[in-house]
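Working notes, beginning with the structure itself.
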Amino acid sequence: QAAVFTAKVAMADVLDAFGHAREAKRLFAEAMELKKRFNDAFWIEDFGFFAMALDSKGCHVRTIGSNALHCLSAGIADEALVPRVLQRLFEADMFSGWGIRTLSSAHPAYNPYAYHRGTVWPVEHGPFAIGAYRAGARDRVDTVTRAMFEVAALFDSHRLPECFSGHARDPAHPFPSLYPPANSPQAWSATTAFALVQAMLGLQPYAPHGLLLVDPHLPDWLPTLRVCGLRVGDAVLDIRFTREADGETRFHVERQR
């Protein structure tokens, strides 16, 4: 549902940019209707979370998993519900210290070495950071980004694997245990770094208007970041971002063509 919502909103932008206003309005209206139907159908108020699924009778499957945070990054989650979802996903049964598990460690089916039942997938954490950024939860962006950067530092050439075990980060597990069948490196995990950087820097390009919105917040462990060859429409930019002593992040456009 989140992916369909995103596709409709994005295609509405594309159609509008090419002068097809009527089709754009239709797709955008469909996206907003889907958003309402999704929240009405999947939100569980006393659970404070979205259902994992609806069963054959239309009843909620009350399972805590990582799927819900994709709804935040896509924008399909009602804005009023986002803080509760974020809080739940960063509790100890979901956030291992290395990343967010695919399934709560409190679930009867949890297994830290099961592909969809407890491992941590780096590819999910780009959207997680984007979702936290959209919600204005900069502390969550920092938590996710730091975890993924530290995980990458432990693997050959800093290349993230497909997934790793969901063990809690503690003295007994000072590094993430390998998931033996995982592809390592994994191509889709390479997208994680770009999405994390986008979330930290608040980069929102809009090529039809020749516009790049920037809202950077570098964490204290990353004082400087330079982005080179960033393309927005017909323009190419080099930008340096610096975290100052007061905690604010400032930027300087070094080159614009």
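The values are calculated or read from the model by the stated rules, or taken from the named source; none is laboratory data. Everything quoted here is computed from the prediction, not taken from an experiment. Note that we place each Cβ from the backbone using ideal geometry, even for glycine, and neighbour counts take in every protein chain shown. Protein only, heavy atoms only, side chains kept; ligands, DNA and RNA dropped before computing areas. Shrake-Rupley method; radii C 1.70, N 1.55, O 1.52, S 1.80 Å.
For the subset of segment 174-192 comprising residues that are of a type outside the set (Ser, Thr, Tyr) and under 19 Å from Arg146 (Cβ atoms), which member is surrounded by the most Cβ atoms within 10 Å (Cβ to Cβ)?
Looking at residues that are of a type outside the set (Ser, Thr, Tyr) and under 19 Å from Arg146 (Cβ atoms), I get Pro176.
Taking Asp93 as the residue in question, decide whether it is open to solvent by less than 50 Å² (accessible area, probe 1.4 Å) and either closer than 23 Å to Trp221 by Cα or over 16 Å from the mean Cα position of the chain (by Cα) (or both).
Spelling it out, Asp93 is indeed open to solvent by less than 50 Å² (accessible area, probe 1.4 Å) and either closer than 23 Å to Trp221 by Cα or over 16 Å from the mean Cα position of the chain (by Cα) (or both).
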TODO: Please verify whether segment 64-74 includes one or more residues that are open to solvent by less than 20 Å² (accessible area, probe 1.4 Å), closer than 23 Å to Ala195 by Cα, touching a Phe, Trp or Tyr at 6+ places or on another chain (Cβ under 9 Å) and not in a helix (DSSP H, G or I).
DONE: yes
Task: Test: Ala68 is modelled with pLDDT under 95 and touching a strand residue (DSSP E or B) at 6+ places or on another chain (Cβ under 6 Å) - done: yes
Task: Condition broken by Ala195, with the remaining ones in (1) open to solvent by 60 Å² or more (accessible area, probe 1.4 Å); (2) among the small types (Gly, Ala, Ser); (3) assigned to a helix (DSSP H, G or I) satisfied - done: (1)
Task: Any hit, segment 79-87, residues being of a type in the set (Asp, Glu) and over 16 Å from the mean Cα position of the chain (by Cα) - done: no
Task: Residue, farthest from Met94 (Cα to Cα), within segment 107-148, restricted to residues that are of a type in the set (A, V, I, L, M) and in a loop (DSSP other than H, G, I, E, B) - done: Ala135
